[in-house]
Amino acid sequence: MTTDNETYDIEAGTELTEPVTLTVNGVDHRLDLPGRRLLSDALRHDLRLTGTHVGCEHGVCGACTVLLDGQPVRSCLIFTATVQGCEITTVEGIGDDPAHPSAVQQAFIDSHALQCGFCTPGFITTIEAFLTDHPHPTAEEARAAVSGNLCRCTGYQNIVTAVCRAAELKHEAGGAEECAGCPWDGEQS
Ligand code: FES
Ligand code: FES
């Protein structure tokens, strides 16, 4: 027996599921999910990609930010079934080897841009997308780029510095032009 909208099996006490196909970090997955499963929950609980963090669960903090076809989105606001056919990139897809961090991850290390680290995956994905479109940001542009993500620990200045440091690292690797007005001086305390 099911409810009128066919989402819940009352006798079994479970939500009904449907097959959902997802491409995450270049890998195709087929999952059986309730129609209202949030993307953040599918990533964390069904695919065990726990690098995506969940803070506010209503689109404010940015901790759950992932890339959807290269654009940063709040995965806590998206039903998983609606993003079939899209390319999803989590922080693990940007870099999951501590010995070989991505440019943005290395910039966070160089700039001391994290403390507890809870917010960091959301910043990493946000900045990765930003630098793709703005390879040589000013400090003001860097500040605006991270203004939608909340951090309770750092005071933000070192995160802004990390944006410019990441641009510099990408430039050194041949992937971006030089950063203009960058506050990174290579001697962060
Ligand atoms: S958990 Fe999604 S924006 Fe806060
Ligand atoms: S480093 Fe702790 S919330 Fe940002």
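The values are calculated or read from the model by the stated rules, or taken from the named source; none is laboratory data. Remember, it's a predicted structure, so these values are computed and weren't measured experimentally. Virtual Cβ from ideal backbone geometry, glycine too; neighbours counted across all protein chains shown.
Before moving on, here are some points about what is shown:
- Qualifying positions in segment 110-128 - surrounded by fewer than 22 Cβ atoms within 10 Å (Cβ to Cβ), aliphatic (A, V, I, L, M) and part of a helix (DSSP H, G or I): none
- Any hit, segment 10-33, residues being within 16 Å of ligand 2 (Cβ to nearest atom), in contact (Cβ under 8 Å) with a residue 12 or more places away in the chain and crowded, with 19+ Cβ neighbours inside 10 Å: no
- Restricting segment 149-159 to residues that are within 11 Å of ligand 2 (Cβ to nearest atom) and in a helix (DSSP H, G or I), the residue that is surrounded by the fewest Cβ atoms within 10 Å (Cβ to Cβ): ASN158
- Number of the exception - ILE78 against (1) more than 13 Å from ligand 1 (Cβ to nearest atom); (2) of a type in the set (A, V, I, L, M); (3) out of contact with any Ser or Thr (no Cβ under 7 Å at 6 or more places or on another chain); (4) not assigned by TED's automatic domain parsing to the domain that holds ARG165: (1)
- Test: residue in segment 132-144 that is within 13 Å of ligand 2 (Cβ to nearest atom), part of a helix (DSSP H, G or I) and in contact with a helix residue (DSSP H, G or I) (Cβ under 7 Å, 6 or more places away or on another chain): no
- Per the conditions (1) within 24 Å of THR161 (Cβ to Cβ); (2) part of a loop (DSSP other than H, G, I, E, B), the sole criterion not satisfied by ALA107 is (2).
- Among (1) touching a Leu at 6+ places or on another chain (Cβ under 7 Å); (2) surrounded by fewer than 19 Cβ atoms within 10 Å (Cβ to Cβ) - the single one ALA139 does not satisfy: (1)
- Segment 85-137, residues that are out of contact with any Lys or Arg (no Cβ under 9 Å at 6 or more places or on another chain) and polar (S, T, N, Q): THR89, THR90, SER102, GLN105, THR120, THR125, THR126, THR132
- Single match in VAL83, VAL104, VAL146 (criterion: more than 30 Å from GLU18 (Cα to Cα), crowded, with 20+ Cβ neighbours inside 10 Å, touching a residue at least 60 places away in the same chain (Cβ under 8 Å) and not polar (S, T, N, Q)): VAL104
- Taken over segment 8-30, the residue count meeting the criterion of being of a type in the set (Asp, Glu) and within 21 Å of the chain's Cα centre (by Cα) is 1.
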